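Chemist: Pasting a structure below so you can have a look.
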Amino acid sequence: MIPRMLDSRRVSAAALYLLPAGLVAYFAFNAGGFYPAPTAFVAVILALLLAIRVTGSSHPFGGAGWPLAIAATAMALFALLTLLSASWSHLSGSALAEFDRALVYLLVMVLFGTVATDRRRLVWILRALAMAIFIVCGSALITRLLPDVWPTAPNLANSRLSFPITYWNVLGLLAVLGILLCVHFTADEREPPIARISAAAALPVLATTLFFTFSRGSIAVCLVALIVYALVGRPRALVSALVAAGAPTAIAVKVAYGANLLATSQPTALSARPQAHHVALVVIACAIAAAALRTVLALLVDDRLTRIALPAQHRRRIRLGGWSAVAAIAVIALIALSGTISSDYQRFLRPPTNSASDLRVRLTDPSNDGRVELWRVAWHEFKAAPIAGQGAGTFADSFAQHRTTHQFVVNAHSLYMEILDELGMAGLVLLLAAIITILVRTAMRVRTPDRALYSALFAVLLAWALETGIDWDWRMPVVTLVFFALGGLMLARPAPRSDPTTPQEERAAGRVSLSSPARVATAIGCLLLAVAPAYDWLAQRKLNQATTAFSAGDCRTASDAALASISILGIQPQAYEVVAYCDIHRDLPNLAIRAMNQAVALDPENWNYAYGLALTRAAAGLNPLGAARRAVHLNPREPLVQVEWQTFKADTPSQWPSDARTIADAFTTL
């Protein structure tokens, strides 16, 4: 009986440690987790796992301590604020989706923060995570270099590698996290030779994937995090790792840079195939070369480096000299490039110009890519409601109304600015409390014998925290979940020593034992957390079916699925919008008006529904000008609303029904 119990515990522990890698793979092939359904599904799964853990262990919070309590409390209050924002937001339906996202991050942090983890288990978690990232990035690279083997459909920015995540900058950040982990594994002398060799072989693939995303922010963050890791971690095998993997990785990126046809809007065209195949062969050769060189150096050099032991005084001098050299180089660079920096700063502030046809040009282009305009709108909305914000998920409506360009964007491209807009200072303080607690706790662990390991973790967490300040990584769990899962592990207490000579009191220190009733009550609380995401997941699945069917012109299926979504959770205006447009196609304008009025009531600041209401009223022969004027007010730079307004204003009332049908028939997507 006892061996069976031990085996089941080992299996459960192994499954838990593979969870971050599994979730990264799941989200990567589900649009990064951007859409509500996958996020809600994972929230349900995590709540169930936490309930199972609580009921199945007499010490379910063995790793919990004050750091986890601080971060978890801040995140719980942040998630609650997100949900409560529905009460003052004009878009109450989005609050639930945003709550699901925050709940996923909270649950994964608590799940791993309550598990007391030793170095061996932590290393295996990171190895599995690095493997998952490599698989995702390798799959992405195949679609670019071997499109005849793995063809993909063109996307919004086909010139930038984004498959399978769908957003190039997030794929770039994921590649950065993989690079940081693999640099650590190939440079840490405590890793077995096979791990050092495999990590070296992965670096050319990850770096080439990062290059083809053409993500300037991710590349800059990668360089900063690598410098931090090298200076703080100082693994003894770093020199041999750089010698073995540095040159092959640089060659792979250099050859990829030279493939000019892969930096255009048609990188998978037949004319680009020879270059793509050439780069593929070079990347494979560089991976093999990195593995071979790392094998030689692992056998001949690493052991000698490990045996080198400098006196503490000399080590302090070397560290001081290293930091001084970095500071001197930085000061000299700032002085030498002061004119260039000033010019680039002014170019950053100016409105973005038309993108060059060659994507390689953007790597040295300091333009803001429209972000300053996004931040301006977010700051404007924050000043209007500085304490609790406009409400979760409302930025898209605000930007459509206040933008000064024709750029259409739904996210503020900065977690911190968007939180200020949507949840005010209260939301930002709570979120920063959790993020800073994780970073500080990880930095404190650097001063341990496992300095290199915790430095790598700090570099990974720092990379996310920096990148999310200039992009919308928060809405992509494929990378943000990594931060909170690893953050939970950093907040947890170390596992108690299993040495039989250790006193029982010391081994049990900090382990909170719960009675059976307490475990059951806690598990029920976890299950209750799964209720709202479960409803959201079921409703979103039906809504997805509805929009897919509508895009295919199948109004019967679309209407049935939308009504099913409404019956499960009638807070999504998109479901009523589908029903309304289908009613127009079925010549039921009065029913269409009723459905579109429901959509407007759920999101009165969204131009789409005011636009749709004008159409439905015109289809019924009623005056559409009020609704059309409202749509122009909510999105004055949208060509569709301008055309609608001019059409209805110019025609006579007798022409409105035919105008509405003509416009509605032109719709293929919502």
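The values are calculated or read from the model by the stated rules, or taken from the named source; none is laboratory data. Please read these numbers as outputs of a predicted model, since none were measured by experiment. Note that each Cβ is placed from the backbone with ideal geometry, even for glycine, and that neighbours are counted across all protein chains shown. The accessibility values were calculated without ligands, DNA or RNA, using every heavy atom of the protein model including side chains. Shrake-Rupley method; radii C 1.70, N 1.55, O 1.52, S 1.80 Å.
Chemist: Residue 278 to residue 466: FRET efficiency via 1/(1 + (r/R0)^6), r the Cβ-Cβ distance, R0 35 Å, to the nearest 0.05? Let's see the in-between values first.
Modeler: Numbers: r = 34 Å, r/R0 = 0.98.
Step by step, r from the Cβ atoms, then E = 0.55.
Chemist: Taking 7 Å along the Cα-to-C-beta vector as the label spot, tell me the residue 285-residue 649 distance in nanometres, rounded to one decimal.
Modeler: Each label point is offset 7 Å from its Cα along the Cβ direction, giving 6.4 nm.
Chemist: From the P(r) of the range 1-135, can you give the percent of Cα pairs sitting at distances over 20 Å? Before the final figure, lay out the partial values.
Modeler: Working: 4941 of 9045 pairs.
That tail contains 55 percent of the Cα-Cα pairs.
Chemist: Let me ask something else. Quote the relative contact order of the chain in percent (integer), defining contacts as alpha-carbon pairs under 8 Å separated by 6+ residues. Don't jump to the answer; show the numbers that get you there.
Modeler: Values: 1100 pairs, mean separation 135.4, N = 670.
In percent, rounded to a whole number, it is 20.
Chemist: Check the chain for me: any Cys whose beta-carbon has no other cysteine beta-carbon within less than 4.7 Å?
Modeler: 137, 182, 222, 286, 526
Chemist: Per q in 0.10, 0.12, 0.16, 0.23 Å⁻¹, report the Debye log10 I(q)/I(0) for the range 509-626, using one uniform scatterer on each alpha carbon and no solvent.
Modeler: Calculated log10 I(q)/I(0) at the listed q: -0.41, -0.51, -0.73, -1.21.
Chemist: Another question about this same structure. Between the helical axis of 2-28 and the dominant principal axis of the chain, each derived from Cα atoms, what acute angle in degrees is found, rounded to the nearest 10?
Modeler: Value to nearest ten degrees: 50.
Chemist: Another question, if that's okay. Using the per-residue mean of other Cβ atoms lying within 10 Å as a proxy for protection, in what order, highest first, do the peptides 272-281, 449-458 fall?
Modeler: On the way: 272-281: 16.8, 449-458: 21.6.
Highest to lowest by the protection proxy: 449-458, 272-281.
Chemist: Still on this structure, please answer the following. Give me the angle, in degrees from 0 to 90, between the Cα long axis of helix 573-585 and the longest principal axis of the Cα atoms of the chain, rounded to the nearest 10.
Modeler: The angle comes out at about 40 degrees.
Chemist: Which distance in Å, rounded to a whole number, links the C-alpha centroids of the range 259-282 and the range 607-670?
Modeler: 45 Å
Chemist: When all protein chains stay in place, what accessible area (Å², nearest 10, 1.4 Å probe) is found for residue 472?
Modeler: Ignoring ligands and nucleic acids, residue 472 comes out at about 40 Å².
Chemist: Let a ≥ b ≥ c be the square roots of the eigenvalues of the Cα gyration tensor of the range 130-227; is it rounded (a/c under 1.5), or, if not, prolate (a/b larger than b/c) or oblate?
Modeler: Details: a/c = 2.96, a/b = 1.60, b/c = 1.86.
Cα axes put the range 130-227 in the oblate bin.
Chemist: If you don't mind, another one. Kirkwood hydrodynamic radius (Cα pairs, Å) of the range 147-195? List each step's numbers first, then the result.
Modeler: Working: mean 1/r = 0.0767 Å⁻¹.
For the range 147-195, the Kirkwood estimate is 13.0 Å.
Chemist: Keeping every protein chain in place, order 576, 535 by accessible area at 1.4 Å, biggest value first, i.e. largest first. Working shown, then result.
Modeler: On the way: 576 35, 535 115 Å².
My answer, sorted largest first, is 535, 576.
Chemist: Now for a different question. Quick one: how many Å² of residue 223 are accessible to a 1.4 Å probe, rounded to 10?
Modeler: It works out to around 100 Å².
Chemist: Let me check something: with ligands and nucleic acids excluded, how do 19, 527 order by accessible area (1.4 Å probe), largest to smallest? Don't skip to the answer; put the middle values down first.
Modeler: On the way: 19 30, 527 80 Å².
Correct descending sequence by accessible area is 527, 19.
Chemist: From the gyration tensor of the Cα coordinates in the range 233-275, what semi-axes in whole Å does the equivalent ellipsoid have, largest first, with each one equal to sqrt(5λ)?
Modeler: Values: eigenvalues 227, 17, 9 Å².
Three semi-axes, in Å: 34, 9, 7.
Chemist: While we're looking at this one, here's another question. Could you run the Debye sum over the Cα atoms of the range 556-614, one equal point scatterer each and no solvent, and tell me log10 of I(q)/I(0) at q = 0.12, 0.18, 0.24 Å⁻¹, two decimals?
Modeler: Log-scaled intensity ratios, in q order: -0.23, -0.51, -0.89.
Chemist: If you don't mind, there's one more thing I want to ask. Of 128, 379, 419, which is farthest along the charge dipole of the chain in the positive direction, counting Lys and Arg as +1 and Asp and Glu as -1 at C-beta?
Modeler: Ranked along the dipole, the leading option is 128.
Chemist: Relative to the present Cα-Cα distance, how much length would full extension add between residue 149 and residue 11 at 0.36 nm per residue of separation?
Modeler: Working: separation 138, 0.36 × 138 = 49.68 nm, distance 3.64 nm.
Full-extension gain reported as 46.0 nm.
Chemist: Another question, if that's okay. If I model a spin label as a point 7 Å beyond the Cα along the Cα-Cβ vector, how far apart are those points for residue 410 and residue 662 in nm?
Modeler: 3.1 nm
Chemist: As an exercise, use a Förster radius of 60 Å and the Cβ-Cβ distance of residue 633 and residue 55 to find the FRET efficiency, rounded to the nearest 0.05. It would help to have the intermediate numbers written out before the result.
Modeler: On the way: r = 54 Å, r/R0 = 0.90.
Efficiency at R0 = 60 Å is approximately 0.65.
Chemist: Moving on. Residue 73 to residue 361: extension gain in nm, 0.36 nm per residue of separation minus the Cα-Cα distance?
Modeler: Computed gain between residue 73 and residue 361 is 99.2 nm.
Chemist: Please list 118, 603 in order of solvent-accessible area, largest first, computed with a 1.4 Å probe with all protein chains present.
Modeler: Details: 118 55, 603 5 Å².
So, going from the largest accessible area down, we get 118, 603.
Chemist: Sum -39500 (n - 2.57) across every DSSP H segment of at least 4 residues in the chain, then divide by the residue count to get the 222 nm mean residue ellipticity, nearest 500.
Modeler: Numbers: 29 runs with 472 residues, N = 670.
Result for the chain: -23500 deg cm²/dmol, rounded to the nearest 500.
Chemist: Using only Cα atoms, locate the centre of the range 104-146 and the centre of the range 34-61, then give the distance between them in Å, rounded to an integer.
Modeler: Using only Cα atoms to place each centre, the spacing works out to 17 Å.
Chemist: While we're on this one: Let me check I have the definition right: for the range 357-413, take the eigenvalues of the Cα gyration tensor, multiply each by 5, take square roots. What are those semi-axes in whole Å, largest first?
Modeler: On the way: eigenvalues 145, 26, 17 Å².
Calculated on Cα positions only, the semi-axes equal 27, 11, 9 Å.
Chemist: Using a 1.4 Å probe and ignoring any ligands, DNA or RNA, find the accessible area of residue 194 and quote it in Å² to the nearest 10.
Modeler: Per-residue accessible area (residue 194): approximately 110 Å².
Chemist: As an exercise, use a Förster radius of 35 Å and the Cβ-Cβ distance of residue 587 and residue 642 to find the FRET efficiency, rounded to the nearest 0.05.
Modeler: Details: r = 27 Å, r/R0 = 0.77.
Using R0 = 35 Å, I get an efficiency of 0.80.
Chemist: I've got another one for you. Just the Cα atoms of the chain, one point each, no solvent: what log10 I(q)/I(0) does Debye give at q = 0.05, 0.08 Å⁻¹?
Modeler: Taken in order of the listed q values, log10 I(q)/I(0) reads -0.27, -0.68.
Chemist: Report the Rg/Rh value for the range 258-302, based on alpha-carbon coordinates and the Kirkwood definition of Rh.
Modeler: A ratio of 1.28.
Chemist: From the phi of every residue in the range 531-545, what ³J(HN,Hα) in whole Hz does the Karplus formula 6.51 cos²θ - 1.76 cosθ + 1.60 yield, where θ is phi - 60° and glycine or proline is x?
Modeler: 5, 4, x, 5, 4, 4, 4, 5, 5, 5, 4, 5, 5, 4, 4
Chemist: Still on this model: If you project the alpha carbons of the range 579-659 onto their three principal axes, what span does each projection cover, largest first, in Å?
Modeler: Reported extents, whole Å, longest axis first: 31, 31, 16.
Chemist: Let me ask something else about it. Enter the angle in degrees (range 0 to 90, nearest 10) between the Cα long axis of helix 555-568 and the first principal axis of the Cα atoms of the chain, meaning the one along which they spread out most.
Modeler: Taking the Cα atoms of the chain, the angle to 555-568 is about 70 degrees.
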